[in-house]
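Q: Before anything else, here's the structure in question.
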Amino acid sequence: MKHFDSILVANRGEIALRVMRSARQQGYRTIAIYSEADALSPHVQFADEAVMIGPPAATESYLQIDRVQEAARLTGARAIHPGYGFLSENADFSKACIEAGIVFIGPSSEAIEIMGNKAASKRRMLAAGVPCIPGYQDEDQSDAALQAAAAEIGVPIMVKAAAGGGGRGMRLVESLDELAAALAAARSEAENAFGSGELILEKAVLRPRHVEIQVFGDEHGNVIHLGERDCSVQRRHQKVVEEAPCPVMTDALREAMGTAAVSAAKSINYVGAGTVEFLLDADNNFYFLEMNTRLQVEHPVTEMITGQDLVAMQLRVAHGYPLPLTQRDVALNGHAIEVRLYAEDPANDFLPATGIANVWLQAQGEGVRVDHGLAEGQAVSPFYDPMVAKVIAWGEDRSIARRRLVRALEGTALLGLPNNREFLLDVLRQPDFIEGRATTAFIADH
């Protein structure tokens, strides 16, 4: 077993606070890192100890592996939790932690590396028998090979960057005449964003649902899943609303998707919390999309319907203990929906906004949870992701959860800078959302 009683959280904002709250409840000493821009941030104030690691830009602070490790050395931290974003899916960071004798609260660097590349991960999933979208993921990256593969697959086709996500390096091709330009644009964007121009092709699944399975593994070979989340309401491939369970899920489909997700995790000896993402079509056919080798932004909805603290489970597994429950022990209760509150201007193409949070009033109410890292009077800077809070509501059924979330958003106030509260309310009030009919085309359609 690995021993540690202090944890450095290599992140900021709401996820740093979220991790530290569970860690403190478990009796750990918590250590924060922060940039000059975050000196007065709530996660810094909450931690038992905090270390400033650099200027505001993430590339000069939160993404500097050497500085994060030096902060751990200075404070005596024996474990590091990466949160999500930043270094959470950086195989070099995971490896550097282990080499320095620090427990990395996450999967192995090998698992991160395999699943961090869409081509390599898809090849591994095909070998493991996980359903995948027909496509091309071979090593020959010549235009001739890609064009030949596209002709065989048939349009519409998605061109995707193998090394990244978030919609960068991604193009929808509806005619083979458009392919050459799409390949050039996607390759250039991928090289700029991820340092790699490797591409894959996939048959476009139009108007699917985006459904992901929460998996958890330990060092003893045990892997379970904790049900699914529907993340179909997206804008530019970025999730806006997430819910659990999926509105159209059946017991048989959950068992099939859960089994596939567990097989995916076992194929790479996965340890810790991870998410296997699928596209689900109108006929309930599902296809592997990618695996995120970290805790997800939307993990609270899973916690609320399972009653499990996923961060506490991460800490337990990181010590080397077996999972605290088996698949038979997993029970889903009720429904939970989460929205992401962003500092952005929906009226101006959702342009990220900066400014002072002159008023910050959190929602309250039965079944309501707010995860945030914002203090009234705090500046929202241009250096980081514009998400400032997650508002989540649970109910005995989906209708109750949705109504509670609407009331919670109505009781939320963020004044001083543009934000997407009214947009989120509009989404939750749309008939197609109320009826559980949303697909990935929902925002474009409405």
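Each reported figure results from applying straightforward, stated rules to the coordinates on display, with no laboratory input. All figures in this text were calculated on a predicted structure; none of them were measured in a lab. Cβ: placed from backbone, ideal geometry, glycine included. Neighbour counts: every protein chain shown.
Q: For the stretch 174-254, give the magnitude of the charge dipole about the Cα centre (Cβ charges: +1 Lys/Arg, -1 Asp/Glu; no others), in debye to the nearest 20. Spell out each step's value before the answer.
A: Numbers: 9 positive and 15 negative charges, 55 e Å.
Dipole about the Cα centre, nearest 20: 260 debye.
Q: Moving to a separate point now. Place a point 7 Å from Cα of ASN348 in the direction of its Cβ. Which residues in the stretch 377-404 have their backbone N less than 20 Å from it?
A: 378-389
Q: Which residue, GLY334, GLY169, GLY106, tops the fluctuation ranking in a GNM of the chain built on C-alpha contacts under 10 Å?
A: GLY334
Q: Let me ask another. Could you calculate the FRET efficiency of GLN25 with ILE65 from 1/(1 + (r/R0)^6), where r is the beta carbon distance between them and R0 is 25 Å, rounded to 0.05?
A: Working: r = 28 Å, r/R0 = 1.14.
Result of the calculation: an efficiency of 0.30.
Q: Next up: Please get the size of the charge dipole for the chain, origin at its Cα centre, with Cβ charges of +1 on Lys and Arg and -1 on Asp and Glu, quoted in debye to the nearest 20. If you can, show how the numbers build up before the last one.
A: Values: 41 positive and 59 negative charges, 182 e Å.
Once rounded to the nearest 20, the dipole reads 880 debye.
Q: Okay, next question. With a ≥ b ≥ c taken as the square roots of the eigenvalues of the C-alpha gyration tensor of the chain, please select rounded if a/c is under 1.5 and otherwise prolate if a/b is larger than b/c or oblate if it is not? Show your work: numbers first, answer last.
A: Values: a/c = 1.31, a/b = 1.17, b/c = 1.12.
Since a/c stays below 1.5, the shape of the chain is classed as rounded.
Q: Of all beta bridges DSSP finds with both residues in the stretch 257-355, what is the antiparallel percent, to the nearest 5?
A: On the way: 8 of 8 bridges.
Percent antiparallel among DSSP bridges in the stretch 257-355 is about 100.
Q: Additional query: Quick one: which of 234-240, 8-14, 256-262 comes out on top by average Cβ neighbours within 10 Å, and what's the full order, highest first? Kindly include the intermediate steps, with their values, before the conclusion.
A: Working: 234-240: 16.9, 8-14: 26.7, 256-262: 20.9.
Per-residue Cβ counts within 10 Å, averaged per peptide and sorted highest first, yield 8-14, 256-262, 234-240.
Q: HN-Hα J couplings of the stretch 335-343 from phi, Karplus 6.51/-1.76/1.60, θ = phi - 60°, integer Hz, Gly and Pro as x?
A: 9, 9, 10, 10, 10, 9, 8, 10, 7
Q: Follow-up question, since we're still on this one. Over the chain, what relative contact order in percent results from Cα pairs under 8 Å that are six or more residues apart?
A: Dividing the mean separation by the residue count of the chain yields 15 percent.
Q: By how many nm would the segment from GLU366 to SER381 lengthen if fully extended, with 0.36 nm per residue of separation less the alpha-carbon distance? Walk me through the numbers on the way to the answer.
A: Working: separation 15, 0.36 × 15 = 5.40 nm, distance 3.22 nm.
Net length gain for the segment: 2.2 nm.
Q: Report the calculated FRET efficiency for SER196 and THR259 (r = Cβ-Cβ distance, R0 = 35 Å), to the nearest 0.05.
A: Values: r = 32 Å, r/R0 = 0.91.
In this case the efficiency is close to 0.65.
Q: Can you spot the lysines whose alpha carbon is less than 27 Å from LYS266's alpha carbon? Ignore those fewer than 8 places along the same chain.
A: Once the sequence-local lysines are set aside, what remains near LYS266 is LYS2, LYS95, LYS118, LYS122, LYS160, LYS203, LYS239.
Q: For ALA39 and ASN285, compute 0.36 nm times the residue count separating them, minus their Cα-Cα distance, and round to one decimal in nm. Could the numbers behind the result be given before it?
A: Working: separation 246, 0.36 × 246 = 88.56 nm, distance 4.85 nm.
Gain on stretching ALA39 to ASN285: 83.7 nm.
Q: Between LEU428, LEU74, LEU172, which gets the highest mean-square fluctuation from a Gaussian network model of the chain, Cα cutoff 10 Å?
A: With Cα springs under 10 Å in the chain, the top fluctuation among LEU428, LEU74, LEU172 is at LEU74.
Q: Can you tell me the relative contact order of the stretch 58-198? Whole percent, Cα pairs under 8 Å, sequence separation 6 or more.
A: Values: 159 pairs, mean separation 20.1, N = 141.
The normalised contact order for the stretch 58-198 reaches 14 percent.
Q: Percent relative contact order of the stretch 251-317, based on C-alpha pairs within less than 8 angstrom and at least six residues apart?
A: Working: 50 pairs, mean separation 17.5, N = 67.
Across the stretch 251-317, relative contact order equals 26 percent.
Q: In deg cm²/dmol and to the nearest 500, what is the mean residue ellipticity at 222 nm of the chain if only DSSP H runs of at least 4 residues count, each as -39500 (n - 2.57), divided by the residue total? Don't jump to the answer; show the numbers that get you there.
A: Details: 15 runs with 146 residues, N = 446.
So the helix-based figure for the chain works out to -9500 deg cm²/dmol.
Q: Let me ask something else about it. Springs between alpha-carbon pairs under 10 angstrom, Gaussian network model over the chain: which of THR75, THR30, THR302 fluctuates most?
A: Judging by the Gaussian network model, the answer is THR75.
Q: Report, in order of residue number, the helices in the chain meeting two criteria: a C-alpha extent of 20 Å or more along the helix axis, and a mean Kyte-Doolittle hydropathy of at least -1.0; treat each whole DSSP H run as one helix. Numbers along the way, then the final one.
A: On the way: long enough: 179-194 (21 Å, 0.56); 251-266 (22 Å, 0.21).
Length and hydropathy pass: 179-194, 251-266.
Q: Calculate the dipole size of the stretch 128-263 relative to its Cα centre from +1 charges on Lys and Arg beta carbons and -1 charges on Asp and Glu beta carbons; express the result in debye to the nearest 20.
A: Numbers: 12 positive and 21 negative charges, 105 e Å.
Taking the Cα centre of the stretch 128-263 as origin, the dipole is about 500 debye.
Q: Hey, another quick one. At a 10 angstrom cut-off on C-beta neighbours, averaged per residue, how do the peptides 241-254, 263-276, 363-376 rank from highest to lowest? Present the calculation step by step, with values, prior to reporting the outcome.
A: Values: 241-254: 18.6, 263-276: 22.7, 363-376: 16.8.
Output ranking for 241-254, 263-276, 363-376: 263-276, 241-254, 363-376.
Q: Run the numbers for ASP48 and TYR321: contour at 0.36 nm per residue of separation, minus the present Cα-Cα distance, in nm. Walk me through the numbers before you get to the answer.
A: Numbers: separation 273, 0.36 × 273 = 98.28 nm, distance 2.57 nm.
Stretched out fully, the ASP48 to TYR321 stretch lengthens by 95.7 nm.
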